[in-house]
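I have placed the structure first, in the form of structure tokens, so that the comments after it can refer back to it.
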Amino acid sequence: QSASLLSQYDHLCNNGSLHHNAEQRAIVVRLEELRRKIQVHRAETAQYAQELFKWRRLVRRLDLEREEAARKAATEPRWRRVLAQLWPMARPTPATPACSQTA
């Protein structure tokens, strides 16, 4: 990792390349603070992007499941769809005794 801006500024002042200036030093300190905030923001943005990707994948999967259920329901006879809307728990399945009884 590179040296901090403040240490670079101090080094340049100490070797005579720059003159010490309190205002400039305060600006360098502020720049360091902004650099840290940008790094935090970058990490938070990456985390958000990852969570957003996962959420979109989940929504897409749920949409596909809903579409598949709607396609499947559309192939059922109309009377069965009406019955399922009126009595959702009364939907006959092959496992229910009413469907498996033989006369």
Item to complete: Using the structure shown, decide if residue 98 is modelled with pLDDT of 80 or more, open to solvent by less than 100 Å² (accessible area, probe 1.4 Å) and assigned to a helix (DSSP H, G or I).
Response: no
Practice prompt. Name the single residue, out of those in region 2-20 being over 16 Å from residue 33 (Cα atoms) and not in a helix (DSSP H, G or I), that is most open to solvent (accessible area, probe 1.4 Å).
Written response: 19
Discussion item. Of everything in region 35-75, what is over 20 Å from the mean Cα position of the chain (by Cα) and of a type in the set (Gly, Ala, Ser)? Give them in sequence order.
Written reply: 69, 70, 73, 74
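The values are calculated or read from the model by the stated rules, or taken from the named source; none is laboratory data. None of these values were measured; they are calculated from a predicted model. Ligands, DNA and RNA are stripped out before the accessible areas are found, and what is left, the full protein with its side chains, is counted by its heavy atoms. Shrake-Rupley method; radii C 1.70, N 1.55, O 1.52, S 1.80 Å.
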